[in-house]
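> One structure follows; several queries about it will come next.
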Amino acid sequence: MYTLYFYPGNASMAPHFMLEDIGAEFQLRRLARETNEHKGAAYLKLNPCGRIPTLIDHDAPGGDLVIFEAAAICLHLADAHPEANLAPALGTPERAHLYQWLIFLTNTIQEGVLTYAYPDRYTTDPDGVPAVKMAAEKRLTDMFAIVDSHLERRDYLLGAQFSLADYYLLMLTRWGRNLAAPPRDLPYLGASVARTLARPAVERAIATEGVPAPFY
């Protein structure tokens, strides 16, 4: 049994996709971002960063296991449910490539999206905000292009095998929908995320969260 603290369209979306895919019993706990519930004392006891998401694994050995950071949650779910086949076996080259792409998505693209969306957080000079946003958009365009090139002869990031990294890529593609050159328009990346978007787990999660169309 799991509890996922979420907000529609936030970084909780990739773990939500996975929970739907795995088929394990879970409950969603929607945080009221409108009133900054994720910054309140009760939530900060679970996630001291005050960010979304947080997962509680109620069946973990030793009692409730609390995990924050979306990528860490995704990896935990994949390891706890190997039968779902959302991550290659430990110690294989494919597993190494999963780590590579997941960390690229989190450390490079996700960080770039946050810089683009919240440029004021990355400078103490109000006059510098437009330049921060412009630089972030240029970097994002370049980084999404790297993913597109990689997918030229592949259905998914790991090739023919679908993995949790593809759920993460779909989430970040949605976040890039307002860029001047949105990643959905890249030919190979666009085709890959369209395959992911068509998965029943994704359709269920989007419907549950009430994310409006168009998704990305």
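The values are calculated or read from the model by the stated rules, or taken from the named source; none is laboratory data. Note that this is a predicted model, so its numbers are computed, not measured. In this analysis, Cβ positions are derived from the backbone assuming ideal geometry, glycine residues included, and neighbour counts consider all displayed protein chains. Please note that ligands, DNA and RNA were not included when accessible areas were found on the heavy atoms of the full protein model with its side chains. Shrake-Rupley method; radii C 1.70, N 1.55, O 1.52, S 1.80 Å.
> Looking at (1) open to solvent by 30 Å² or more (accessible area, probe 1.4 Å); (2) of a type outside the set (Ser, Thr, Tyr); (3) at pLDDT 95 or above, which one does Pro61 not meet, given that it meets all the others?
(3)
> State all residues of the stretch 37-66 that are farther than 21 Å from Leu170 by Cβ and either of a type in the set (A, V, I, L, M, F, W, C) or outside the structural domain of Pro15 (by the TED database) (or both); if no residue qualifies, say none.
Listed by number, the residues that qualify are Ala41, Ala42, Leu44, Leu46, Cys49, Ile56, Ala60, Leu65, Val66.
> Show the residue pairs that are 6+ apart or on different chains and have beta-carbon atoms under 9 Å apart, the first residue being within the stretch 28-54 and among the aromatic types (Phe, Trp, Tyr), the second being open to solvent by 30 Å² or more (accessible area, probe 1.4 Å) and not in a helix (DSSP H, G or I).
These pairs meet every condition: Tyr43/Tyr5.
> Looking for whichever is farther than 21 Å from Pro82 by Cα and charged (D, E, K, R) here; the options are Glu20, Glu37. Which one fits?
None of the others qualify; the one that does is Glu37.
> Considering only the stretch 44-88, state which residues are part of a strand (DSSP E or B) and either closer than 24 Å to Phe144 by Cα or out of contact with any helix residue (DSSP H, G or I) (no Cβ under 6 Å at 6 or more places or on another chain) (or both).
Ile56, Asp57, Leu65, Phe68
> Next question. How many residues, within the stretch 115-156, are farther than 15 Å from Phe104 by Cβ, in contact (Cβ under 8 Å) with a residue 12 or more places away in the chain, under 18 Å from the mean Cα position of the chain (by Cα) and not in a helix (DSSP H, G or I)?
Total meeting the criteria: 0.
> Is the stretch 16-28 home to any residue that is assigned to a loop (DSSP other than H, G, I, E, B) and of a type in the set (Gly, Ala, Ser)?
Yes, the stretch 16-28 has at least one match.
> Can you find even one residue in the stretch 89-104 that is part of a loop (DSSP other than H, G, I, E, B), under 30 Å from Ala160 (Cβ atoms) and open to solvent by less than 50 Å² (accessible area, probe 1.4 Å)?
Scanning the stretch 89-104 turns up at least one residue that is part of a loop (DSSP other than H, G, I, E, B), under 30 Å from Ala160 (Cβ atoms) and open to solvent by less than 50 Å² (accessible area, probe 1.4 Å).
> For the stretch 120-128, does any single residue satisfy the condition of being open to solvent by less than 50 Å² (accessible area, probe 1.4 Å) and either modelled with pLDDT of 95 or more or among the charged types (D, E, K, R) (or both)?
Scanning the stretch 120-128 turns up no residue that is open to solvent by less than 50 Å² (accessible area, probe 1.4 Å) and either modelled with pLDDT of 95 or more or among the charged types (D, E, K, R) (or both).
> What pairs come up if the first residue lies in the stretch 68-85 and is without any contact (Cβ under 8 Å) to a residue 60 or more places away in the chain and open to solvent by 20 Å² or more (accessible area, probe 1.4 Å), the second is among the aliphatic types (A, V, I, L, M) and assigned to a helix (DSSP H, G or I), and their beta carbons are under 7 Å apart, counting only those six or more places apart or on different chains?
Between residues of the stretch 68-85 that are without any contact (Cβ under 8 Å) to a residue 60 or more places away in the chain and open to solvent by 20 Å² or more (accessible area, probe 1.4 Å) and residues that are among the aliphatic types (A, V, I, L, M) and assigned to a helix (DSSP H, G or I), the close pairs are His81/Ile22.
> While we're here: Would you be able to say whether some residue in the stretch 137-155 is among the small types (Gly, Ala, Ser) and open to solvent by less than 40 Å² (accessible area, probe 1.4 Å)?
Scanning the stretch 137-155, I find no residue that is among the small types (Gly, Ala, Ser) and open to solvent by less than 40 Å² (accessible area, probe 1.4 Å), so the answer is no.
> Determine whether Ala42 is modelled with pLDDT under 95 and of a type in the set (A, V, I, L, M, F, W, C).
It is false that Ala42 is modelled with pLDDT under 95 and of a type in the set (A, V, I, L, M, F, W, C).
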